[in-house]
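The values are calculated or read from the model by the stated rules, or taken from the named source; none is laboratory data. Predicted model, so just to flag it, every value in this text is computed and none were measured. No Cβ is skipped: glycine too gets one built from the backbone with ideal geometry, and neighbour counts run over all protein chains shown.
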Amino acid sequence: FEIQTTGAQGLVEICKCLGATTYLAQRAAGKYFDGALFRQEDIELKFFKPHVCVYPQLWGCFAPDLSIFDLLLNCGPKAHEILISGASQKRESLR
């Protein structure tokens, strides 16, 4: 398939092409989405708040809410371990 638009409209097109009925995004990104675009195409727009995995960064104190690329570039192969350990801590805190 070929997407002709960008931004939220492009995401709606991708969802339609894939037959998606729900689009899941981080809560912090909510201000960038036009919910009406998704509703017009019967695509449910849901938001979640991710668990923050703290990891070593090069420049001083930990800065949260960065891209997964920051984790990968700072931690390399250990990124997988950090994500897994953070996910298991999150599960235990829900019990």
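For the structure I just gave you, tell me whether residue 66 is surrounded by 11 or more Cβ atoms within 10 Å (Cβ to Cβ), within 15 Å of the chain's Cα centre (by Cα), in the same structural domain as residue 86 (by TED's automatic domain parsing) and not in a loop (DSSP other than H, G, I, E, B).
The answer is no for residue 66.
Is it the case that some residue within the stretch 54-61 is part of a helix (DSSP H, G or I) and of a type outside the set (Gly, Ala, Ser)?
No; the residues of the stretch 54-61 include none that is part of a helix (DSSP H, G or I) and of a type outside the set (Gly, Ala, Ser).
Write out, first by first residue and then by second, each pair whose Cβ atoms fall under 8 Å of each other, whose residues are 6+ apart or on separate chains, and whose first residue, in the stretch 56-67, is at negative phi while the second is of a type in the set (S, T, N, Q) and modelled with pLDDT of 90 or more.
What qualifies is 56/74; 57/74; 58/74; 63/57.
If you take the residues of the stretch 1-53 that are of a type in the set (Ser, Thr, Tyr), outside any loop (DSSP other than H, G, I, E, B) and at pLDDT 90 or above, which of them is farthest from residue 67 (Cα to Cα)?
My answer is 22.
Filter the stretch 27-63 for residues that are under 13 Å from residue 11 (Cβ atoms) and in contact with a Lys or Arg (Cβ under 8 Å, 6 or more places away or on another chain); which is surrounded by the most Cβ atoms within 10 Å (Cβ to Cβ)?
For the stretch 27-63, the residue satisfying everything is 45.
Looking at the stretch 23-63, which of its residues are within 17 Å of the chain's Cα centre (by Cα) and of a type in the set (S, T, N, Q)?
Hit for the stretch 23-63 is 26, nothing else.
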